[in-house]
Amino acid sequence: MLSLLINRHLELNYLFGVNCMTEENEIMTISQVAKYLQISEVTTYRLVQEGKIQAFKVGRGWRVKREDLKGFIEKQKRGERF
């Protein structure tokens with residue numbers, strides 16, 4: 001019974017975008033990063049491939065730590081172009 005409740009809780013958190021991780025440790029997919037930055041996934045992949053957004057691979061997909069994404073955003077705020 002407890003495991004059913006936990007699974008349901010996690011499922012609802014996922015569906016509604018709630019994350020138990022702290023914001024700094026949150027891991028985002030390319031799709032999530034693109035949506036967060038309001039840019040296309042193609043542009044996001046390009047920025048990752050060029051090393052402008054720090055990322056790492058998990059299996060075949062790329063992941064970005066939100067903390068690293070904040071660094072990218074700060075660079076953009078200082079006027080660095082991508």
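Every read-out reported here was derived from the displayed coordinates using simple, explicitly stated rules and does not represent laboratory data. What you see is a predicted model; the values in this text were computed from it and never measured. Please note: Cβ atoms are built from the backbone with ideal geometry, for glycine as well, and neighbour counts cover all protein chains shown.
Residues in region 56-82 that are part of a loop (DSSP other than H, G, I, E, B) and either in contact (Cβ under 8 Å) with a residue 60 or more places away in the chain or on the phi < 0 side of the Ramachandran plot (or both): how many? Before you say what the answer is, go through the steps one by one.
So in region 56-82, the residues part of a loop (DSSP other than H, G, I, E, B) come out as 59-60, 78-82.
After this cut, where a residue has to be either in contact (Cβ under 8 Å) with a residue 60 or more places away in the chain or on the phi < 0 side of the Ramachandran plot (or both) as well, the list is 60, 78, 80-82.
Final tally of qualifying residues: 5.
Scan region 36-55 for residues that are in a helix (DSSP H, G or I), surrounded by fewer than 18 Cβ atoms within 10 Å (Cβ to Cβ), of a type outside the set (Asp, Glu) and touching a helix residue (DSSP H, G or I) at 6+ places or on another chain (Cβ under 9 Å) and jot them down.
Tyr36, Leu37, Val42, Thr43, Tyr45
Which condition does Gly61 not pass, out of (1) surrounded by fewer than 16 Cβ atoms within 10 Å (Cβ to Cβ); (2) within 18 Å of Arg81 (Cα to Cα), if it passes all the others?
Single failed check for Gly61: (2).
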